[in-house]
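Okay, so here's the structure we're looking at.
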Amino acid sequence: MTTTRAVEPWTLEPLRRFVAEAGARLALLTTPAGQVIAQHGFTRAVDVMAAAALGAAIAASTAEINRMLDEPKFRALTHQGVRHGIFLANFETPRGSMLALVVYGAGSSIGLVQLFMEDLVRELAAAAPVREAQPRTVLAADFERDLNQSLASLFGREI
Amino acid sequence: MSLVNFTTREITCKLVYYGPGRSGKTTNLQYIYQRVPEDRRGRMVSLATQTDRTLFFDFLPIELGAISGFKTRFQLYTVPGQVYYNATRKLVLQGADGVVFVADSQARQLDENIESMQNLHANLLEHGIDVRTLPVVLQYNKQDLPADLVLTPVELDEAINFRTWPSFAADALKGKGVFETLRALSERVLRRLSEAESA
């Protein structure tokens with residue numbers, strides 16, 4: 001079963017609508033540095049991070065080439081493969097720049113993806129909340145104990 | 001920059017392994033990949049040349065588990081060490097929460113270490129990152145080589161560690177010092193995150 005999941009909850013419904021309307025198989029919203037904001041279709045959290053890192057790398061290197069050529073920021077890149085197409089878009093929201101990486105199959109097309117991407121960008125702009133005040137403390141003062149236990153279990157030994 | 005979500009209680013941090021070519025940055029990630037249980041790590045992605053030199057980056061996501069009730073993930077990146085890949089090196093550094101500088105302990109590589117350290121400072125400056133506040137740890141790799149070929153950690157500290165960052169002797173091929181380095185950077189990154197949010 002494919003799922004849609006969001007780290008930033010306000011992105012969830014716009015992404016769900018986009019996936020349904022554009023017929024996307026995989027969709028990923030990230031920051032320009034490759035941090036995952038929302039995703040559809042990936043089954044393992046750690047695999048989605050690899051896709052996010054690669055998408056951010058493509059976007060960053062393309063933007064750098066644009067800058068060298070004194071071209072405006074690119075908006076979208078596409079690649080049409082044999083079974084899948086890949087679409088990578090770069091856009092602004094009230095909460096900062098975002099990247100969208102979309103993989104689509106025979107049931108969709110680049111035209112559909114582009115069309116509904118415009119809707120997605122509009123809906124994200126409308127849904128973005130005003131930046132709320134965050135709790136003052138993230139980690140407890142004694143987080144080292146948790147960190148040591150986590151690293152020990154991760155690496156299978158005492159550190 | 002770390003992504004902290006208070007609703008889902010998740011933290012994701014980006015750690016970058018920096019240093020001159022062939023100093024052992026990819027070897028660090030390969031060792032971590034081999035040792036971490038499969039369900040706690042993702043696929044290791046390597047964008048490399050046909051001769052296995054890093055062209056853009058290596059990438060390895062790992063799940064630490066719960067830290068103070070936050071599900072914590074680290075994204076480990078390496079940069080290409082070769083001098084002429086500076087443009088891509090700079091891109092990978094974007095958004096870094098912490099840096100491991102992997103130095104090659106061989107005496108004949110000292111100039112490359114110094115040049116790479118200067119390059120790290122220059123690239124951080126271009127990203128507007130204050131190197132004085134960014135968590136950085138140094139790893140002196142290849143300390144297993146014969147003593148007459150390598151500089152000691154004390155000598156390397158004097159040569160490149162003018163900010164007195166924590167430093168660790170290592171033999172990344174066999175894993176010595178790899179986890180200690182990662183642990184030290186993890187702690188500093190999370191401490192900085194905690195201090196920044198509570199300030």
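General observations
- Summarising the label geometry, the points placed 7 Å from Cα in the beta-carbon direction at B:A159 and A:E118 lie 5.9 nm from one another.
- Computed FRET value (nearest 0.05) for A:R145 with B:I114, which takes r as the C-beta separation and R₀ as 41 Å: 0.60
- Per-residue packing, averaged as other Cβ atoms within 10 Å, sorts the ranges A:61-68, B:10-17 into the order B:10-17, A:61-68, beginning with the highest.
- When B:K71, B:K174 are arranged by Cβ crowding within 10 Å, least crowded first, meaning fewest neighbours, the order is B:K174, B:K71.
- Projecting the Cα atoms of B:W165, B:P61, B:L47 onto the charge dipole of the range B:3-194 (Cβ charges, centred on the Cα centre) puts B:P61 farthest toward the positive pole.
- With a 10 Å cut-off around each Cβ of B:57-68, the average count of Cβ atoms from other chains is 6.
- With a threshold of 23 Å on the Cα-Cα distance, the over-threshold entries among B:K25/B:K174; A:K73/B:K25; B:K14/B:K142; B:K14/B:K90 are A:K73/B:K25; B:K14/B:K142.
- Each Lys or Arg adds one and each Asp or Glu takes one away; over the other residues whose Cβ falls under 12 Å from the Cβ of B:N141, this sums to +2.
- Among A:T3, B:T152, B:T54, a tally of other beta-carbon atoms within 10 Å of each Cβ gives an order, fewest to most, of A:T3, B:T152, B:T54.
- Residue exposure proxy: A:D119, B:D39, ordered by other Cβ atoms within 10 angstrom of their Cβ from fewest to most, comes out as B:D39, A:D119.
- At least 27 Å along the helix axis (C-alpha) and Kyte average at least 0.0, DSSP helices within chain A: A:45-68
- Here the Gaussian network model covers chain A, with springs between Cα atoms less than 10 Å apart; of A:L147, A:L69, A:L54, A:L147 fluctuates the most.
- A protection proxy built from the mean count of other Cβ atoms within 10 Å ranks the segments A:29-36, B:31-38, most packed first, as A:29-36, B:31-38.
- Per-pair calculated FRET efficiency, R0 = 45 Å: B:A122 and A:R5 via Cβ, rounded to 0.05: 0.70
- By the helix-only formula, in which each DSSP H run with n ≥ 4 contributes -39500 (n - 2.57) and the sum is divided by residues, the protein assembly as shown has a 222 nm mean residue ellipticity of -12000 deg cm²/dmol.
- Each 10 Å bin from zero holds the following percent of Cα-Cα pairs in the range B:3-194: 9, 38, 38, 13, 2, 0.
Computed from the coordinates by the stated procedures, all read-outs in this text should not be read as laboratory data. Here the structure is a predicted model, which is why all the values come from computation and not from measurement. As a convention, Cβ positions derive from the backbone with ideal geometry for all residues, glycine included, and neighbour counts pool all protein chains shown.
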